[in-house]
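One structure is given below, encoded as structure tokens.
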Amino acid sequence: MSPRARRGIIVAVLHLALVASLGAKLLVDRATRPRVWARTGPVDPSLPIRGRYVQLRLEGAVDDQVDATYGGRFTPTVRDQTLVFVPTSENTGRMGRVDERPDGRRVAILHEPLAFFIPEHVPDPSRRAAGEELWVEVTLPRRGAPRPIRLGVMKDGTLTPLN
């Protein structure tokens, strides 16, 4: 085997190991870190070169002591199988704001949307009929943004995961 071919094989093995280690980390996080379903709203994507995806603005409950006009950094956590955003001063928190729903509930909404990639043959899941809400199941890593796993639809109080 020539030295050039040997170097090519070494580079290919290194690339494969790098990709496999990232995949392993994501699988370990999914198995060990908290997972939760959260209400979300679609955002019109502005970067068509990234592929076919839906941008989602994540929403969750907020601590009672948080002011209704708070806008700052939040840390996501899970309480009673509900996504809750807790205010934080750490730079690792995600920027968001508190909003009040028509029913009087206060929720926190993250500013930075999540990208959920979809296959070409699947209709846009963000277009929902009246009375349906788009939800997303996310993994909460130790650091960084929540990672979307799958989408679901809430209708009449029942959450149904999408295929």
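Summary of values
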read-out: Every residue from the stretch 88-109 that is in a strand (DSSP E or B) and acidic (D, E); value: D99, E100
read-out: Only listed residue being modelled with pLDDT under 85 and surrounded by 11 or more Cβ atoms within 10 Å (Cβ to Cβ), chosen from V84, V107, V66; value: V66
read-out: Members of the stretch 124-163 that are touching a Pro at 6+ places or on another chain (Cβ under 8 Å), closer than 17 Å to Q55 by Cβ and of a type in the set (A, V, I, L, M, F, W, C); value: L134, V136, V138, L151, L162
read-out: Whichever residue in the stretch 31-59 is modelled with pLDDT of 85 or more and assigned to a helix (DSSP H, G or I) and, among such residues, is farthest from V122 (Cα to Cα); value: T32
read-out: Which numbered condition G96 fails, given (1) crowded, with 16+ Cβ neighbours inside 10 Å; (2) within 20 Å of D29 (Cβ to Cβ); (3) free of Cβ contacts under 8 Å to residues at least 40 places away in the same chain; (4) not β-branched (V, I, T); value: (2)
read-out: Neighbours by Cβ (under 6 Å, 6+ apart or cross-chain): first from the stretch 107-136, free of Cβ contacts under 8 Å to residues at least 24 places away in the same chain and outside the structural domain of V54 (by TED's automatic domain parsing); second basic (K, R) and outside any strand (DSSP E or B); value: none
read-out: Unique residue being under 22 Å from R147 (Cα atoms) and either more than 16 Å from the chain's Cα centre (by Cα) or outside the structural domain of R150 (by TED's automatic domain parsing) (or both) when the list is T77, T32, T82; value: T32
read-out: Hey, E112 modelled with pLDDT under 85 and either surrounded by fewer than 15 Cβ atoms within 10 Å (Cβ to Cβ) or assigned to a strand (DSSP E or B) (or both) or not; value: no
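The values are calculated or read from the model by the stated rules, or taken from the named source; none is laboratory data. No experiment lies behind these values; they were computed from the predicted model shown. Quick reminder, even Gly has a Cβ in these numbers, built from the backbone with ideal geometry, and neighbours come from all protein chains shown.
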